[in-house]
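Before any comments, here is the structure.
Nothing in this text is a laboratory measurement; each read-out follows from the coordinates by a stated rule. Keep in mind the model is a prediction, meaning the values are calculated, not measured. Methodologically, a virtual Cβ is constructed for each residue, glycine included, from the backbone with ideal geometry; neighbour enumeration extends over all protein chains shown.
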Amino acid sequence: MHSDSYWLDTAPAFTGAQTGALPARVDVVVVGGGFTGLSAARALALKGASVAVLEAGRVIGEASGRNGGHCSTGVAHDFAGLAASLGTERARSYYRAYESAVQSVLALVEQERIACDLTRNGKLKLAAKPQHYEGLARTCEVIRREVDAEVELLSAEQVRSEVDSAEFHGGLLQRNGVQMHIGRFGIGLAEAAARHGALVYEQTTVQGWKAAAGGYRVDTSRGSLQAGQVLMATGASQHGGLGWYRRRIVPVGSFIIATEKLSEAMVERLLPRRRSYVTSRTIGNYFRLTPDNRLLFGGRARFAMSGGSSDVKSGKVLQAALTQMFPQLAQVKVDYCWGGLVDMTSDRLPRAGQHGGVYHSMGYSGHGVQMSVHMGQVMAEVMDGKAEANPWGELSWPAIPGHFGKPWFLPLVGAYYRVQDYLH
C-alpha cells in the first residue's frame, strides 16, 4: 500500500522549477506553491509583474495535492444556518463566491488547456439519519428560494439508484460541481504560471520577512530577496515564521484511502453517476471515483495531525467505514492511504486581506480546491488596487483563544463531535 497521495503519485513531474539563485528583487513574492500561490502567480505574471513563488517543499505537495478532489458550489456551512447567523444577503454572497470559484477553475482549465480529466457531475450530500434528511429538505427550500434554483432534493429511493448503499435516507444534489485529477490540474497550473513568467522555487523555506525601503526583505533557506509586495498563501503550513497566522488557523488532519481499480461493472452498480459525495454526519465521510475507477474515500477519521503512524491508524478507521457503507467492497484491496492538513478557521469561512502590509488568503476549511484557485486570481486583483474584489474582506480575524499553533484540543473537539453525531 502506497503512503503517498494518489494524486501526487500519478501526476506528471513539474518541469518549470527554478534551480539557480534567487533574483535580487521582484515585484511580488508569493509564499506557498499550492493552488492559491500558483493561481496568484499566474494572474500577477499575466499583469506584467515579476513574481517569485517560494515553496518549502514541492509544488502542490501539501493540501493542494492531498485532498479529496471535490470542486463544487456551497459554503462549508449549512446555508440555512449561515443565513440565520449572518443574514440572507451575506449568506447569498458567500454562496455565489463559491459558484464563481467553480467557474474560475473551469475557465483556467480551458484557457491553459490543462489535461486533468475534468468532468461535470455535481455533488450529492447524503442524509445519514432520517432527521438529517429533514434538515436537508429545509436547506433545499431556502437555497432554491434565495440563491440557487438548480438544487434538488432526492428521496431515499432516488439516492439508492445512485449510491449502492443502504446507509442513506435521501440527499441534496448541487449540480454546479466538477471533478478532476487534482495532481494533473495542479502541475498544469504550476507549468502555466512558469510559462507566463513566474519564477517557481521549490525546497525554499521562507524564514522571515520585514519591511524595507520600497517593500520587504524576505529571508529564505536559499538566501534573501527584495519584494514590493508579499502574498502569504501558506494554508496550514508548519514551516517558517508564521506565528500570527498559526494562532488563527487550526491544522486538522484529513485522511484518505484509495482502493485498487474497480471493474466497470462494479462502478456501474456502485456509483453510476460518478458524482462527488459527502455524508451529513459531523464526523462524516466524502468519496468519489478517480479517473481510473478507484474509489477514493476520506474523512476526519481521527482528530489528529497527519503523518506516519497517524495516517496508518486513520486508514484502518476509514477502511472499516468503507466496508460498513459498501459491504460489497469488503474484499477490495486498498492501494493508497495518506493524510493532509486542513486549514480550519473558527467559523469555517476563508480569510483574505492584509496584516502588517502583507497580503494573505487561506483558511478554506476543507473547501479549498475551488476557492484557493479563485482567491489566487482575486488576490492578484486586490494587490493591483481593487480591494472590492475580495469577497471575504469584511471578515475580522481574531486569534483563537488558547491556540498558539499546536492544536492540543483536537481530541476534545473530536469527542464533542462524536457525541453530537450520536445525539443528532
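What size of dipole, in debye to the nearest 20, comes out for the range 6-414 about its Cα centre when the only charges are +1 on Lys and Arg C-beta atoms and -1 on Asp and Glu C-beta atoms? Mind showing how you got there, number by number?
Working: 43 positive and 35 negative charges, 135 e Å.
For this selection, approximately 640 debye.
Set Lys and Arg Cβ to +1 and Asp and Glu Cβ to -1, take the dipole of the range 6-414 about its Cα centre, and tell me which of GLY68, ALA107, ALA149 lies farthest positive.
Toward the positive end, the furthest listed residue is GLY68.
What do you get for the angle between helix 368-383 and the principal long axis of the chain? Use alpha-carbon atoms, 0 to 90 degrees, nearest ten.
30
Excluding same-chain residues fewer than 8 positions from LYS47, which lysines have a Cα within less than 18 Å of its Cα?
LYS386
Which residues among the range 208-232 fall inside the zone where the amide N is under 12 Å from a point 7 Å beyond the Cα of ALA21, along Cα→Cβ?
223-225
Can you list residues from other chains, or at least 5 along the same chain, whose modelled amide H is less than 5 Å from the amide H of GLN207?
ASP219, THR220, SER221
Taking amide H positions as placed 1.01 Å from N in the peptide plane, with prolines and chain starts having none, which residues 5 or more places from ARG281, or on another chain, fall under 5 Å of its amide H?
Answer set, sorted by chain and number: ALA128.
Over what distance in Å are the Cα centres of the range 81-95 and the range 334-385 separated?
20
Can you give the helix-only mean residue ellipticity at 222 nm for the chain, where every DSSP H stretch with n ≥ 4 adds -39500 (n - 2.57) and the sum goes over all residues, rounded to the nearest 500 deg cm²/dmol?
About -10500 deg cm²/dmol.
LYS125: which aspartates and glutamates have alpha carbons under 18 Å from its alpha carbon, excluding same-chain residues fewer than 8 sequence positions away?
Result set, ordered by chain and number: ASP78, GLU99, GLU134, GLU141, ASP148, GLU150, GLU152, GLU157, GLU162, ASP164, GLU167, ASP421.
Could you compute the FRET efficiency for ASP117 and GLU260, with r as their C-beta to C-beta distance and R0 at 30 Å, rounded to 0.05?
Details: r = 18 Å, r/R0 = 0.61.
FRET efficiency, ASP117 to GLU260: 0.95.
Quick one: helix 88-112 against the long Cα principal axis of the chain, what's the angle to the nearest 10°, folded into 0 to 90?
70
Quote the charge dipole size of the range 101-247 about the Cα centre in Debye, to the nearest 20; the model charges only the Cβ of Lys and Arg (+1) and of Asp and Glu (-1).
The calculated dipole for the range 101-247 is roughly 660 debye.
If the cut-off is a Cα-Cα distance under 18 Å, which aspartates and glutamates reach LYS313, setting aside same-chain residues fewer than 8 apart in sequence?
ASP4, ASP335
Calculate, for SER3 and ALA213, the FRET efficiency according to 1/(1 + (r/R0)^6) with r their C-beta to C-beta distance and R0 51 Å; round to the nearest 0.05.
Values: r = 47 Å, r/R0 = 0.92.
Efficiency, rounded to the nearest 0.05: 0.65.
For the chain, would you read off the P(r) tail past 30 Å as a percentage of all alpha carbon pairs?
Of all Cα-Cα pairs in the chain, 40 percent lie more than 30 Å apart.
What is the extension gain from LYS406 to LEU46, computed as 0.36 nm multiplied by their sequence separation minus the C-alpha to C-alpha distance, in nm to one decimal?
Between LYS406 and LEU46, full extension yields an extra 125.8 nm.
Please report, in debye to the nearest 20, how large the charge dipole of the range 81-145 is about its Cα centre when each Lys and Arg carries +1 at its beta carbon and each Asp and Glu carries -1 there.
Roughly 260 debye, rounded to the nearest 20.
How many nm separate the modelled label positions at GLN103 and ALA399, each set 7 Å beyond the Cα in the direction of the Cβ?
4.0
DSSP loop trypsin sites (Lys or Arg not before Pro) in the range 112-154 with at most 16 other Cβ atoms within 10 Å of their Cβ, which ones?
Those that pass, being in a loop and sparsely packed, are ARG113, ARG120.
Working from Cα positions, state the angle (0 to 90°, nearest 10) between the long axis of helix 410-423 and the longest principal axis of the chain.
30
Given H placed 1.01 Å from N in the peptide plane, which residues other than close sequence neighbours of SER50 have an amide H under 5 Å from its amide H?
Counting only residues 5 or more places away or on other chains, the set is ASP27, VAL28.
Going highest first, how would you order 8-18, 196-206 by mean Cβ packing within 10 Å?
196-206, 8-18
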